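Structure first, then comments.
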Amino acid sequence: MAAPDTRTRLILAAMKLFWEKGYGSTSVADVLQSARVNSGSLYHFFPGKQDLLLAVLDLYRDGIRRMLIEPAWRGVEDPLERVFALLARYRQSLADTECTYGCPIGSLALELHEPDLAVRERLAANFAAWTDAVHECLIAAGERLPRELDRRELAAFVLTGMEGGVMQARTYRDLSTFDGAVRQLRAYFDRLQREAIPPRALRARPPAPRRKERR
């Protein structure tokens, strides 16, 4: 693969540092040192640090399928199991880092209490892209879920459960809180499936018409 150009190196360096240290604790000098470029190169592409943040958020949004969704779903065909495969990917990241991993978008959203409109819009776009992927799974589940269910709201609820589970696992340094959230979510999915109208192939046949008695 060709070496990334200067702009890409700056974005990738900032992405890594914002995730590891946080946006506020990362200086422009940190980014320059990590990317191994001079300040003139940075300001040629990005007038300020926030412009670099916007580029990082754009990269997350545009790469969510390739970087997160597709690897999590590889080999998983069942649409509802894809939801839990995605959550399992976050669990693996927590396990690999001894519960220090944090969702990069969730971490930025928590850190930037009053983000500028452009930043807030991109944070929202990232959450929306994640929710879209789960929503697709719920739509694909068809009659396995109740017809009147608001599947978009349920997708957003899955996101809320993931973010909350990750945050608590990081706080307690313990996977049990994340696992508990996933168990409760699965139990809820199971209940929804029990409440759903069974697929046509599984519906009971109507009773046969009664025969007229012979006189």
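With respect to the stated conditions, Glu195 fails to be at pLDDT 95 or above and acidic (Asp, Glu). Reported count of residues in segment 89-110, each being hydrophobic (A, V, I, L, M, F, W, C), part of a helix (DSSP H, G or I) and within 19 Å of His135 (Cβ to Cβ), is 1. Screening Met67 on (1) exposed (fewer than 13 other Cβ atoms within 10 Å of the Cβ); (2) among the hydrophobic types (A, V, I, L, M, F, W, C); (3) not in a helix (DSSP H, G or I) shows it passes everything except condition (3). Only one of the listed residues (Leu123, Leu149, Leu138) is under 18 Å from Glu195 (Cα atoms), in contact (Cβ under 8 Å) with a residue 40 or more places away in the chain and either in contact with a His (Cβ under 7 Å, 6 or more places away or on another chain) or crowded, with 17+ Cβ neighbours inside 10 Å (or both). That residue is Leu138. Residues in segment 21-56 that are surrounded by 16 or more Cβ atoms within 10 Å (Cβ to Cβ), free of Cβ contacts under 8 Å to residues at least 40 places away in the same chain, assigned to a loop (DSSP other than H, G, I, E, B) and hydroxyl-bearing (Ser, Thr, Tyr): Thr26 alone.
Looking at the structure I just gave you, is Leu86 more than 30 Å from Leu145 (Cα to Cα) and assigned to a helix (DSSP H, G or I)? When the stated conditions are applied, Leu86 does not pass them.
For the condition farther than 15 Å from Gln50 by Cβ and at pLDDT below 95, Leu138 does not qualify.
Condition check for Phe18 on (1) in the same structural domain as Ala124 (by TED's automatic domain parsing); (2) outside any loop (DSSP other than H, G, I, E, B); (3) not β-branched (Val, Ile, Thr): one failure, at (1).
The values are calculated or read from the model by the stated rules, or taken from the named source; none is laboratory data. A quick note: this is a predicted structure, and the numbers were derived from the prediction, not measured. Glycine gets a Cβ as well: all are built from the backbone with ideal geometry, and neighbour counts include every protein chain shown.
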